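The values are calculated or read from the model by the stated rules, or taken from the named source; none is laboratory data. Bear in mind that the values here come from a model prediction, so they are computed numbers and not experimental data. Counting neighbours? That spans all protein chains shown, and the Cβs are built from the backbone with ideal geometry, glycine included. All accessible areas refer to the heavy atoms of the entire protein, side chains included, with ligands and DNA or RNA removed. Shrake-Rupley method; radii C 1.70, N 1.55, O 1.52, S 1.80 Å.
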Amino acid sequence: MGPAFSVVSADTARAILDADHQGVVDLVERTYLRHHAGGTVNPPSYFLRFPEDPAARIIALPAALDGDPGVAGLKWISSFPGNLDRGLPRASAVLILNDRRTGFPVACLEASVISATRTAASAALAARALAGSARRVGFIGTGLIAARIADFLAAVGVAADRVLLHDRDPDRAARLARRIERADVAGTAEQAVRESDLVVFATTARVPHVTEADWFSHRPVVLHISLRDLSPQIVLGATNVVDDVEHCLQADTSPHLAEQLTGNRDHVHATIADVLTGRFTPPGDRPVVFSPFGLGVLDLALAEVVLDRATAAGSATVVPSFFSGLHPDR
């Protein structure tokens, strides 16, 4: 007999994670530091693409956290921008957790909520570390991720006097503006950038579309969450902080394009762990760009907490006989 297998729904995960935004940010911070100290296994992400729909992709993020007993797992997340025209969410995901001792899968969690939450928490953590005094915040892209980031910025004390929102779909920007205090819709991306101390890119851009370095002459902190908005020239003119150098400089992200242009990685100045531990402080003479590729270990850390709390509350669906048909290898 194998272990019991649990299933955790999106509603359950959301209720657990939304009950303690500050706790989620603290967990993300601890996991970044754990990764920096070598207490994780985080292989490259694997991309499944579709020739007939180049904008669509499904990504596999395997990862493991050391500990007693430790945990391993895989997030399988799709991004299909065309879903928005179908009235469906762009992203959908599941996450499988495995027992580190036996390798047995022990749970399947709906993971789009976990993924959006860890993205927002990591953005808020970086904002607090790099731009804690920001009073004007601009968002380029106003979908689900932007909304989650706005919630988490408030949770870590980044209190904006003014929020500017820009989206290719003005109605989407207007909907988010109704949710956020002191928020207005910006007519252009340039306005949202120029008039903000903290700029958040949360788009579905596949190639750089922001090329004017002068937009950033006031030296804002940029949370480059969508990774492919900025031209390599803008990246080369900035102080660049990433979550993990090897992960971020791949898959034609803007920092990766800068590496392809120059043939080196000199434009990457630090990881977020370097900032959190005080090993690196941005000099302040240029814009600061935080580009997080998104580490599977963050999803794993949140999923472990969600499973533990769902199990304790009786809100996980348990299938005790899931593995009952298995027999020992002979």
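Structure summary
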item	result
Condition met for ARG118 (of a type in the set (Lys, Arg) and under 16 Å from the mean Cα position of the chain (by Cα))	yes
Residues (touching a residue at least 40 places away in the same chain (Cβ under 8 Å) and over 15 Å from the mean Cα position of the chain (by Cα)) located in segment 44-53	PRO44, PHE47
Extreme residue, farthest from GLY138 (Cα to Cα), among residues of segment 160-181 that are acidic (Asp, Glu) and either open to solvent by less than 30 Å² (accessible area, probe 1.4 Å) or in a loop (DSSP other than H, G, I, E, B) (or both)	ASP169
Search result, residues across segment 198-228 that are out of contact with any Asp or Glu (no Cβ under 9 Å at 6 or more places or on another chain), of a type outside the set (A, V, I, L, M) and crowded, with 24+ Cβ neighbours inside 10 Å	HIS224
Residue tally, condition in a strand (DSSP E or B) and among the hydroxyl-bearing types (Ser, Thr, Tyr), over segment 24-75	2
Selection count where residues are surrounded by fewer than 24 Cβ atoms within 10 Å (Cβ to Cβ), hydrophobic (A, V, I, L, M, F, W, C), closer than 20 Å to LEU17 by Cα and modelled with pLDDT of 95 or more, scope segment 126-144	1
Options LEU61, LEU74, LEU65: the member that is at pLDDT 95 or above, touching a strand residue (DSSP E or B) at 6+ places or on another chain (Cβ under 7 Å), open to solvent by 50 Å² or more (accessible area, probe 1.4 Å) and under 14 Å from ALA303 (Cβ atoms)	LEU74
Residues within segment 83-136 that are over 14 Å from VAL158 (Cβ atoms), part of a helix (DSSP H, G or I) and of a type in the set (Lys, Arg), tallied	2
Hey, PRO287 of a type outside the set (Ser, Thr, Tyr), more than 15 Å from the chain's Cα centre (by Cα) and open to solvent by 60 Å² or more (accessible area, probe 1.4 Å) or not	no
Test for GLY237: is it surrounded by fewer than 19 Cβ atoms within 10 Å (Cβ to Cβ), over 24 Å from SER112 (Cβ atoms) and modelled with pLDDT under 95	no
Qualifying residue in segment 244-256 (condition: more than 20 Å from the chain's Cα centre (by Cα) and either open to solvent by less than 20 Å² (accessible area, probe 1.4 Å) or closer than 19 Å to ARG118 by Cβ (or both))	no
Residue within segment 5-17 that is surrounded by 15 or more Cβ atoms within 10 Å (Cβ to Cβ), under 27 Å from PHE152 (Cα atoms) and acidic (Asp, Glu) present	no
Qualifying position, being touching a Gly at 6+ places or on another chain (Cβ under 7 Å) and charged (D, E, K, R), among ASP151, ASP167, ASP171, ASP161	ASP167
Sole residue being under 25 Å from GLN22 (Cα atoms), buried (at least 21 other Cβ atoms within 10 Å of the Cβ) and of a type in the set (A, V, I, L, M), chosen from ALA154, ALA147, ALA107, ALA123	ALA123
ALA301 vs. criteria in contact with a strand residue (DSSP E or B) (Cβ under 6 Å, 6 or more places away or on another chain), closer than 23 Å to LEU61 by Cβ and open to solvent by less than 10 Å² (accessible area, probe 1.4 Å)	no
